[in-house]
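A quick write-up on the structure given underneath.
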Amino acid sequence: ETSLWRTRVRGSLLLAACADALGSAFEGRRGLSPEQVAAAVDRPQSPLRWTDDTAQMLVLAAHLAEHGGLVASDALAAAFADEWSAEPWRGYGPGAAQLLSQIATGVPWRVAGRSLFDGAGSLGNGAAMRVAPVGLITGWGLDAVASAAVASALVTHVHPEGIDGAVAQALAVALAARTPRRQRPSAEELIGAIASRTATAAFTAELEAIPALLDGPAGAISDRFRCDATALGAVPAAITVFLRYPDDPAAAVKEAIGLGGDTDTIAAMAAAMCGAHCGDSAVPASWAAQLEQPERVRAAADRLATLESRRYLGE
Ligand code: R7I
Ligand code: MG
Ligand code: MG
Ligand code: MG
């Protein structure tokens, strides 16, 4: 049973890292053809170097494993900032770079997070892009997943939509990991579980658009969602792609990249869900062969997978 769970945790983190790297070549592009995407994704010929999405996801995985859970804490904020300081070239959003450099120089995270975007805080998808590990702790119920996702978001993203993105992504990964391998994840169940635990009406409206997009052309997804670096623009698109291809990470990643816009992040989030559902046997061999630091990603997954479902109580 432990080893079955471990294959899912490994699958989620490895596929997220691969998809992040594959998508990063197309970030910001629009109007990509399926052939163009397939040529780059089916048999990558150069190392798959991941971006800030995976770097920060690994920080969160390590923090969870070390503490047995998480709260919004100085230690968590410092861990995110230390990672940025060590490798600031990994493609961070402008708000994130500004915020993490403030935290690195001693500004409290409660002050720094509020300083972004004229005091509203970031509604970027950065809290969602890193949150998959929160959905991958065996024994946690969905309410525990949601509250840990909120806590993980708060140290950088205080805007309610930025937080909702993290809650939605963590719950989608958690439900994918808890759905038996041979059972198709239920869109209704997933959307209901997320809608009842997110805070904003804006997010609920995006979730309600998903069922109509599950069949038909991918172009309808990018017509409906902005597919940009905001939580609202990216997370519902990733969930839609996952629900269309829950058992086929390569198809999901190609479709996610084909949407254009925030391609690394949408592909990585959809792939994290596919991997949680399918396990690491679903990682394409041509990706595994090129992934940067695969042992490091696998080790982070294995530490998470053996974590008991202890709740971390208090700062
Ligand atoms: O959220 P964040 O870490 O961004 C993650 C993205 C992913 O695509 C990564 O792959 C990386 O490329 O960055 O960083 P932020 O800079 O806080 O937010 C990302 C973007 O969301 C910003 O650059 C803005 O374009 C947008 N954004 C906002 N726009 C208007 N008003 C975030 N918050 C606001 C806002 O309040
Ligand atoms: Mg990135
Ligand atoms: Mg952000
Ligand atoms: Mg991105």
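Taken together, the values in this text are just the output of simple stated rules run on the coordinates, not laboratory data. What you see is a predicted model, and the numbers here were worked out from it, not measured in a lab. Note that we place each Cβ from the backbone using ideal geometry, even for glycine, and neighbour counts take in every protein chain shown.
General remarks:
- Taking amide H positions as modeled 1.01 Å from N, with prolines and chain starts lacking one, the residues under 5 Å from GLY124 and 5 or more places away or on another chain are ALA231.
- In a reduced charge model with +1 at each Lys and Arg Cβ and -1 at each Asp and Glu Cβ, region 5-107 shows a dipole moment near 360 debye about its Cα centre.
- Contact order normalised by residue count of the chain, Cα under 8 Å, 6+ apart, percent: 35 percent
- Per-residue HN-Hα couplings for region 243-250 [Karplus 6.51, -1.76, 1.60; θ = phi - 60°; Hz; x = Gly/Pro]: 5, 6, 9, x, 9, 9, x, 5
- The order of the peptides 192-203, 170-181 by mean Cβ neighbours within 10 Å, most packed first, is 170-181, 192-203.
- Placing +1 on the Cβ of every Lys and Arg and -1 on the Cβ of every Asp and Glu, with nothing else charged, gives the chain a dipole about its Cα centre of roughly 420 debye.
- Interchain or long-range residues, amide H under 5 Å from THR51's placed H: ALA21
- Per-residue ³J(HN,Hα) for region 81-96, Karplus 6.51 cos²θ - 1.76 cosθ + 1.60, θ = phi - 60°, Hz, x for Gly and Pro: 5, 4, 5, 4, 4, 6, 9, x, 8, 7, x, 5, x, x, x, 4
- A viscosity of 0.692 mPa s and a temperature of 37 °C, combined with the Kirkwood radius over Cα pairs in Stokes-Einstein, give a translational diffusion coefficient for the chain of 176 µm²/s.
- Annotation: region 119-210 has a Kirkwood hydrodynamic radius of 13.1 angstrom, from the mean reciprocal C-alpha pair distance.
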